[in-house]
Structures are given as C-alpha cells and as structure tokens.
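The values are calculated or read from the model by the stated rules, or taken from the named source; none is laboratory data. Here the structure is a predicted model, which means the values were calculated and not measured. Cβ sites come from the backbone with ideal geometry, for glycine too, and all protein chains shown count toward neighbours.
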Amino acid sequence: MLSNAIKKFTALCFVVICFVACDKDNDSPNGQGKQTNTFSSDVVVRWLNQPLNMFRLPLATGATAPSADRAFAYSGIALYEAVVPGMPNYQSLGRQLNALPQLPATEPGKAYHWAASANAALAAINRSLFAGASQANKDSMNLLEAELQAQYATEVDSSTLQRSIRFGRDVAQAVWAWAQADGTALIAQQPAYVIPTGTGIWTKEYTPAAIANPYHALRRQMVIGSRDGAAAPALPFPFSTDSKSDYYAMAKEVYDISQSLDDEKRNIALYHREGLGYGGGSSIAGQLVAVFTQANAKLDKAALAFAKVGIGSFEGLTLTFIQKYSSGFLVMRPITYLKNETGYTNFTTVYTTPPYPEYPAGHPTNGGVLAVMLASEFGDNFSFDVNYYSYLNQPSRHYESFEALAQEMAIARVYAGIHYKPAVNAGVTLGKKVAQNILQNLHFKK
C-alpha cells in the first residue's frame, strides 16, 4: 500500500518536474524572464522609420550622412546582438564576423526585457551613425527612445529595465567600436577619383552630382567567403557604335522602352528611385517595415531579418562598387551612349542618372539580397504591400513574393533609363549569391 503511494507520489513529482522544465523553455536562457520571441517587433518598426527621416531631412551644416548599407548593417547587427541571449537556439556573431570580437554578455541568472535592450541598442547605434543629423532628427531619436522606455517601465521592474538598457547600450558601443576600422575613415582620406579615359569608358557629363563610391575596395569584408563566386561576369560583348552590334541593340532597347512608357512602368521607375529627397536605403527600411508589420513578426524574427538584410546589403553593394570601378568594367551609362554615340539626342531618363558606372546595377543587387534573406525568415511566397512613398501620394505596391519584389526593383532601373538589362540581371544574381554565401558562412543558429 505504502509502496503504491510512494510510486504515485514519485510519478506526480516527475510530472511536476517535466511541467516546470517545459515551462522553463519558454523563459529566457538566463533562467529568468521572457524569451525574445514573446515580444513584438514594434520597437524595430518604430526605429526603422527613423532612417526614412534621417536620409530625407536636412543634416546639420557641413555634416554627411552614412551610406545606407552601412547604417542598416551596423543597426541590424547591434539589434540582433542585443536580443540574441533571449533566443535559446541562436548565438552571437562575435568572432564570426570579420574582426568582430566577443561581445558583452548578460548577467547569468538575471532577467532581461529584450524590447528594452533592443530600444537602447538601436538608439545608441543610430546616434553614432547619424552624428551629423539635424537637431530636429536628434530630438526625434531622443523622444522615441524615451517614449518606448516609458512604456517598458510599466511592463517590468526597475532593476530589470535598467539592466536591459545597460546591456543594449554596451552592445551598441562594442559594435560601433568595431565599425571604426571598416575602412570608412581610410576612404575619406583618398584623393579625388579621376575617371580613366578610353573608348567606351563611363563619363559623368550628364550627372551633376559628385562621383560616388570609387574606393569601396578599401572596405573591410564583413563575412569572409561572401564574395566567392559572386562577381558579375563582364558584358558578353565589346563596346561598339555599330548599329548592327549587340552593344548598340542593348542601348537601343533602353531607348525604345523610354519612348513607350505607360503610367504603370513610369510609376514602377519612380517608386524605386529611393524617393524625392531621400538618400539610398529608404526603400529597404520601408520594405522591412511592411514585412514585419504584415507578418505580425516577433522581435526575434525581426532582429534576424534586419541583421541578415543589413549584412547582405553591405557585402553585396561593396562588391558591386568594386566591380563598377574595376578595369574592364567602367561601363558607359545609357544616356551618354544614346546621346553621344547614336544620335538619339531626344533621349531622357525618368530621373537623374546616378554618379557612378553602370555595370553591375546596385539597386537590383539589394533586390537579390532581399529575396534570399527575407525568404529565409518568412518563406518564398510571402505576399505583402509596400507604401513607403505615401508622402508623395504614390499608391502602394503589392508583391506575391520577395522574388517578385527583386525583379521589379531590377526592371525599374531599365524603365527609368539609367541601366541596361544585362546590368540589372547581373545585379540580382550577384545579390542572391552574396546572400547565399553569407547564410552558408555565418552561423546564426547554435
């Protein structure tokens, strides 16, 4: 009788232990508090909307904005590192990303509010990245951080909140310290770029802006192996002004498209121009906001996707610009070829041609990165709408998949008259390959 009672009691204890253990799996791996996936991605969405203004609104006098790919890369990494301790199946990128040391650790056995850590990290890294922001933008950052922090103060005790904030800031400080040696300072010290001369070489006579990004070869590679097999091949035919040549046909195709643009094609071209007054990158921020919101993404998913896209954009565009300025590339823009070499003096672009060589195309590179990285988190056939140009009264655009977005980002540059089709196709392929290489070489999961 007693033996049966002991057996029943033992069985009951086993059930209780199993229940507690299973329940503990829903807690932070620190032993206390909630996991990252119990928080919404609201903090990420709120902070992603900041760069939309950072790139659009005036900077302080004499200041410069960071390149969009650099801003998104370091923001995404800081965000991910600030919340990954609350993701039991995932690990830090410390000692994985090139020259990134081991990053700050959480206190064992202590609870953390991961949204508060994310808020603190994103606030700190954005202040560093946008040190030249206008006072209005600085005030906006301060207000957003304080508003979210006040919200979190109602959700957790003061000691946990302050511990979470300290951790987020420490992570951002460590990421920013690593960023200082990425080649940006060295690039700023380089002499003015001189365009080589020669038949068929790119010139900028129809581009009023200063030459951009000629020294990307000095950038530190973030992920060793990201460029393996990713470089775009040279154009499969030589420069020629012969009306029967493949080069002429490539340019004539752009001209013919420009003469028959309907409203839909013109809208596509305008929608992917990065927006009136925006610097590069506004589209990425808008696309991430749309996906995270419509997927009802949790904080862990948003952090993973943000980090993957940021790192992919940085690595993809670095390789793209290295190639643009490499010997054997320096491909002439359509407007120069058509006006100067073929006599199509009536040719016009939908908007001003960017101040760098044509091949391979950079915006489509980002499209390829987005297609791979976002699909890795949300699936190949995620359907969504994007409306980041509502301030220009542009209608929203719908996509049935991330691949559809990538293809539209590519053809938009042809519709705009600033790229040939081989360049945009090469850009998408390059972006996809870089993204795939990153996913193979970086181990987010343990």
*Can you name the condition, by its number, that V254 falls short on among (1) without any contact (Cβ under 8 Å) to a residue 40 or more places away in the chain; (2) part of a helix (DSSP H, G or I)?*
(1)
*Being crowded, with 21+ Cβ neighbours inside 10 Å and in the same structural domain as S383 (by TED's automatic domain parsing) narrows it down to one of L330, L270, L288, so name that one.*
L288
*asked:* With the requirement that a residue be more than 30 Å from M222 (Cβ to Cβ) and without any contact (Cβ under 8 Å) to a residue 24 or more places away in the chain, what does region 392-446 give you?
replied: N393, S396, H398, E400
*Of the residues Y344, Y359, which is in contact with a strand residue (DSSP E or B) (Cβ under 9 Å, 6 or more places away or on another chain), aromatic (F, W, Y) and farther than 26 Å from S41 by Cα?*
Y359
*asked:* Of everything in region 365-414, what is surrounded by 22 or more Cβ atoms within 10 Å (Cβ to Cβ) and in contact with a His (Cβ under 6 Å, 6 or more places away or on another chain)? Give them in sequence order.
replied: M409, A412, R413
